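The values are calculated or read from the model by the stated rules, or taken from the named source; none is laboratory data. Please read these numbers as outputs of a predicted model, since none were measured by experiment. All Cβ positions, even for glycine, are placed from backbone atoms using ideal geometry, and neighbour counts span all protein chains on display. The area values use the complete protein model at the heavy-atom level, side chains included, leaving out ligands, DNA and RNA. Shrake-Rupley method; radii C 1.70, N 1.55, O 1.52, S 1.80 Å.
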Amino acid sequence: MQWSVGSETGVLRDVLLCAPEHYRWIPTNSIARETLAGERRIDLARLGAQYRELESALDSAGVTRHYVELEGHLPYQVYTRDSSQTTPWGPVLTTLAMPQRRGEYAAILKFHGATGFWNVGSIGTVEGGDIHIIRDGLLLVGHSGGRTDRTGAAQFAGWFADKGWETRLEAFPDHFLHLDVLFCMAADGLAVACIEVLGDDFESWLKDHGIRIVEATYREVMAMSCNLLALGGDRVISPRHSARINAALRAEGITVFDPELDLFAAGGGSVHCMTMPLRRDAI
């Protein structure tokens, strides 16, 4: 099948996942390092139950689930957002920055097949958590140097610019890992964003493109409360502990599925990180 995603908010039909059988916290980001420095430990039974809640939410939304092949030495393989990116013209194989995660490309190659890619990152690094195909003709790519660097971001954005798209490269501090920690689209014309970090210029850019903002605080983004998955049709999956943001989204008329995902958030990822859309309807 030719997979295609032309926005962050079209109705989601198919998604790529990875079961968390080998998941554990590893010190590859500031959130996970803080978790590991404390007394908290993973309850594996509860972890599995949380993942099943995510799967149930996807099923309730009518999304078909697909899975990559597990590899036991890759504990963060569950965060499928980073190792590829589906575009309007097919999948892109991205270039992961961290040595602990680079091997994740192999399962993506097996899933899509060697000839199943529209493009492949070949310079710098670029990870899916920094890529936001906001809508047809509008692309946002974050770069912090920690995961996606400016060179990799520019190469990815250049492919879209060559297709006539407007693109924006957004620098942010690598403390925040990926741009989807600070920004996610919730519905067409509505985003959740931490403006206190991303700044006034970014806010103005969103508003110039007709995008309203539910503002997230620093404390909320460090709990992965900004990291949500738009399902299309004014529906989202957002973690249960994001209570204030979820209430604000519901006040905007959004239906919120809210699985408990705090054990994954403690490792530096949540529902946006754990899902790679494969097929969305056009808006």
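Here residue 155 passes the criteria (1) closer than 23 Å to residue 277 by Cα; (2) open to solvent by 10 Å² or more (accessible area, probe 1.4 Å); (3) assigned to a loop (DSSP other than H, G, I, E, B) except the one numbered (3).
Could you say whether any residue in segment 13-25 is at pLDDT below 95 and either within 29 Å of residue 138 (Cα to Cα) or aromatic (Phe, Trp, Tyr) (or both)? Scanning segment 13-25, I find at least one residue that is at pLDDT below 95 and either within 29 Å of residue 138 (Cα to Cα) or aromatic (Phe, Trp, Tyr) (or both), so the answer is yes.
Does segment 259-276 contain at least one residue that is of a type in the set (D, E, K, R) and without any contact (Cβ under 8 Å) to a residue 24 or more places away in the chain? Within segment 259-276, none of the residues are of a type in the set (D, E, K, R) and without any contact (Cβ under 8 Å) to a residue 24 or more places away in the chain. Listed by position, the helices (runs of 4 or more DSSP H) inside segment 197-262 whose residues that are over 19 Å from residue 142 (Cα atoms), at pLDDT 95 or above and open to solvent by 10 Å² or more (accessible area, probe 1.4 Å) number at least 3 are 243-251. Checked against the criterion of being free of Cβ contacts under 8 Å to residues at least 60 places away in the same chain, of a type in the set (Asp, Glu) and open to solvent by 20 Å² or more (accessible area, probe 1.4 Å), segment 13-23 contains one or more residues that satisfy it. Put simply, of 150, 168 the only residue that is over 25 Å from residue 266 (Cβ atoms), among the charged types (D, E, K, R) and open to solvent by less than 70 Å² (accessible area, probe 1.4 Å) is 168.
Does any residue of segment 84-92 turn out to be at pLDDT 95 or above, open to solvent by 10 Å² or more (accessible area, probe 1.4 Å), out of contact with any Pro (no Cβ under 6 Å at 6 or more places or on another chain) and hydroxyl-bearing (Ser, Thr, Tyr)? Steps first, please.
Step one: list which residues in segment 84-92 are at pLDDT 95 or above, which gives 84-92.
Filter once more, keeping what is open to solvent by 10 Å² or more (accessible area, probe 1.4 Å): 88-89.
Remaining after also requiring out of contact with any Pro (no Cβ under 6 Å at 6 or more places or on another chain): 88-89.
Now narrow it down to the ones that are hydroxyl-bearing (Ser, Thr, Tyr): none.
For segment 84-92, residues at pLDDT 95 or above, open to solvent by 10 Å² or more (accessible area, probe 1.4 Å), out of contact with any Pro (no Cβ under 6 Å at 6 or more places or on another chain) and hydroxyl-bearing (Ser, Thr, Tyr): absent.
Of all residues assigned to segment 115-124, none qualifies as being at pLDDT 95 or above, closer than 20 Å to residue 8 by Cβ and of a type in the set (A, V, I, L, M). Considering segment 270-282, the residues that are in contact with a Gly (Cβ under 8 Å, 6 or more places away or on another chain) and in a loop (DSSP other than H, G, I, E, B) include one that is surrounded by the fewest Cβ atoms within 10 Å (Cβ to Cβ), namely 282.
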